[in-house]
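The next block holds one structure in the form of structure tokens; read it before the comments.
The values are calculated or read from the model by the stated rules, or taken from the named source; none is laboratory data. Note that this is a predicted model, so its numbers are computed, not measured. Don't worry about glycine lacking a Cβ; one is built from the backbone with ideal geometry, like all the others, and counts go over all protein chains shown. The protein model used for the area step is the full one, side chains on, heavy atoms only, and it has no ligands, DNA or RNA in it. Shrake-Rupley method; radii C 1.70, N 1.55, O 1.52, S 1.80 Å.
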2 protein chains.
Amino acid sequence: MTLAGFPSAQAAETAFYAAFENADYVAMMSVWSPDVDIECIHPLGERLMGPRAVGNDWRSMLSGGKRMQFRLAHIKRFQTDQLAVHILYENITIAGRQQPPVIATNVYRFNGRGWHMILHHASPATDIGKSSDMENTAKAGPVVH
Amino acid sequence: MTLAGFPSAQAAETAFYAAFENADYVAMMSVWSPDVDIECIHPLGERLMGPRAVGNDWRSMLSGGKRMQFRLAHIKRFQTDQLAVHILYENITIAGRQQPPVIATNVYRFNGRGWHMILHHASPATDIGKSSDMENTAKAGPVVH
């Protein structure tokens, strides 16, 4: 994939998780926008701002030798001609062991030629889908905000 | 503020934090889009999907009697005609006590008449600005993702 970008936000997202699973740093960085100040936040991690910080982080993370597998669930998409926002659960398996679920907000941008990721904001999920309208459950418990 | 919405994403954001500080449930819900399936994630909280789940949560949260003050920092904005994405730090004070910082991704949508919030994704921040390109620091430490 060249700097021209991906044909859709969804194609960029597919490439993002493929690069993550394959621990492919070059493929991973091709997903990210070369045009704007990208940002990346891993669960309980720092707010990484700008291509150098984000790139250094992925280089370190993808060289760690942990092979991860992702199963995505409940993907919600807001899309316009130039920006797309995807919210989803990442169900991650490392070496066959299921990890606590993660909530991710992924934002993609069209630069006139193609789509790239500009934000990955991931955080720990306490409970999958418990408070969706479909299940009509009320929120209870402590509020951390 | 009516259902017509706010004149800008920034105006909606200002109203969001004002409603939060004033513990004003009606004002808070007027910030949120009546048009789409909104989502809200508080730090280490559930993924709240849909107006009922989000509304129930804010009703509970804003009736808790905790008065919070917000100081926002390092606001990064991506904006098009129909969607706006703001990434920022929330520095929160409760009853004069500084809380651990929070990273928030706020997404706003223009519905043809005005702007509303459609997503608030907040998570704990471990370190403010340590890995920005400006400071040219490399990432170190454990990776949780």
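Please determine, by comparing only the residues of the stretch B:58-69 that are within 14 Å of the chain's Cα centre (by Cα) and either exposed (fewer than 15 other Cβ atoms within 10 Å of the Cβ) or modelled with pLDDT of 95 or more (or both), which one is farthest from the other protein chains (Cβ to nearest Cβ). Ranking the qualifying residues of the stretch B:58-69, first place goes to B:GLN69.
Among the residues of this structure, B:LEU48 counts as one that is within 7 Å of chain A (Cβ to nearest Cβ) and assigned to a strand (DSSP E or B).
The set of residues from the stretch A:90-124 being within 7 Å of chain B (Cβ to nearest Cβ) and hydroxyl-bearing (Ser, Thr, Tyr) comprises A:THR105, A:SER123.
Pairs meeting the criteria (first residue in the stretch B:109-131 and within 20 Å of A:HIS86 (Cβ to Cβ) and of a type in the set (Val, Ile, Thr), second residue modelled with pLDDT under 95 and open to solvent by 10 Å² or more (accessible area, probe 1.4 Å), beta carbons under 6 Å, at least 6 apart or on different chains) are B:ILE118/B:VAL36. Tell me whether the stretch A:16-27 contains one or more residues that are of a type in the set (Ser, Thr, Tyr), within 14 Å of A:GLY114 (Cβ to Cβ) and either open to solvent by less than 20 Å² (accessible area, probe 1.4 Å) or free of Cβ contacts under 8 Å to residues at least 40 places away in the same chain (or both). No, the stretch A:16-27 contains no residue that is of a type in the set (Ser, Thr, Tyr), within 14 Å of A:GLY114 (Cβ to Cβ) and either open to solvent by less than 20 Å² (accessible area, probe 1.4 Å) or free of Cβ contacts under 8 Å to residues at least 40 places away in the same chain (or both).
Scanning the stretch A:75-105 for residues that are over 17 Å from A:PRO124 (Cα atoms), open to solvent by 60 Å² or more (accessible area, probe 1.4 Å) and not in a strand (DSSP E or B) yields A:ASP81, A:GLN82, A:ALA95, A:GLY96. So is B:LEU72 at pLDDT below 95 and open to solvent by 50 Å² or more (accessible area, probe 1.4 Å) or not? It is false that B:LEU72 is at pLDDT below 95 and open to solvent by 50 Å² or more (accessible area, probe 1.4 Å). Filter the stretch B:28-44 for residues that are open to solvent by 40 Å² or more (accessible area, probe 1.4 Å) and either within 24 Å of A:ARG77 (Cβ to Cβ) or in contact with a Gly (Cβ under 9 Å, 6 or more places away or on another chain) (or both) and give the result. Correct list: B:MET29, B:PRO34, B:ASP35, B:ASP37.
Picking from residues in the stretch B:78-104 that are over 13 Å from the mean Cα position of the chain (by Cα) and of a type in the set (D, E, K, R), the one that is farthest from B:ASP24 (Cα to Cα) is B:ASP81. The listed residues are A:ILE75, A:ILE38, and the only one of them that is under 15 Å from A:VAL107 (Cβ atoms) and under 12 Å from the mean Cα position of the chain (by Cα) turns out to be A:ILE75. Mind listing whichever residues of the stretch B:108-128 are assigned to a loop (DSSP other than H, G, I, E, B) and among the β-branched types (Val, Ile, Thr)? B:THR126, B:ILE128 - these are the residues of the stretch B:108-128 that are assigned to a loop (DSSP other than H, G, I, E, B) and among the β-branched types (Val, Ile, Thr).
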